[in-house]
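Enquirer: Sending over a structure as structure tokens; questions will come in a sec.
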Amino acid sequence: MAQLAVSATTMGVRTELGLPISVGVARMKHLAKIVSQAAKPDGLLVVDPAQELDFLHELPVGLMGAYTTAITA
């Protein structure tokens, strides 16, 4: 259901504005932001709650946002 709503929204943005849009769907706001970064460019990615740890373990540290500033500096 969420994927259908998001797909309609992204198509509307692409059609009306001609802009790419990436969307990440997860159960927590911060995780959804990370998921949307992984979906770039112009993608849709949904992470099931049961798959969150597997998803996070596969990512580069740099996608974790503000929490990694000290680690990657």
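Enquirer: Return the total of residues in region 17-45 being open to solvent by less than 50 Å² (accessible area, probe 1.4 Å), within 16 Å of residue 64 (Cβ to Cβ) and assigned to a loop (DSSP other than H, G, I, E, B).
Expert: Residues meeting the conditions: 2.
Enquirer: List, please: which pairs have Cβ atoms under 7 Å, are six or more places apart or on different chains, and start with a residue in region 53-64 that is at pLDDT below 90 and end with one that is open to solvent by 70 Å² or more (accessible area, probe 1.4 Å)?
Expert: Final answer for the pair search is 61/71; 61/72; 62/72; 63/37.
Enquirer: Continuing with the same structure: For residue 72, indicate whether it is of a type in the set (Ser, Thr, Tyr) and at pLDDT 80 or above. Quick ask: steps written out before the conclusion?
Expert: On the way: of a type in the set (Ser, Thr, Tyr): yes; at pLDDT 80 or above: no.
Against the criterion (of a type in the set (Ser, Thr, Tyr) and at pLDDT 80 or above), residue 72 does not qualify.
Enquirer: Hey, could you check region 1-16 for residues that are part of a helix (DSSP H, G or I) and exposed (fewer than 12 other Cβ atoms within 10 Å of the Cβ) and say which is nearest to the chain's Cα centre (by Cα)? Spell out the reasoning first.
Expert: Residues of region 1-16 that are part of a helix (DSSP H, G or I), as a first pass: 2-16.
With exposed (fewer than 12 other Cβ atoms within 10 Å of the Cβ) added as a condition, the list becomes 2, 4-5, 8, 11-12, 15-16.
On the way: 2: 13, 4: 16, 5: 15, 8: 16, 11: 17, 12: 18, 15: 21, 16: 22 Å.
Among those that are part of a helix (DSSP H, G or I) and exposed (fewer than 12 other Cβ atoms within 10 Å of the Cβ), it is 2.
The values are calculated or read from the model by the stated rules, or taken from the named source; none is laboratory data. In this text, all values refer to a predicted model and were calculated from it rather than measured experimentally. Using ideal geometry, Cβ is built from the backbone for each residue, glycine included, and neighbour counts are taken over all protein chains shown. Just the protein is used for accessible areas: all its heavy atoms, side chains included, with ligands, DNA and RNA removed. Shrake-Rupley method; radii C 1.70, N 1.55, O 1.52, S 1.80 Å.
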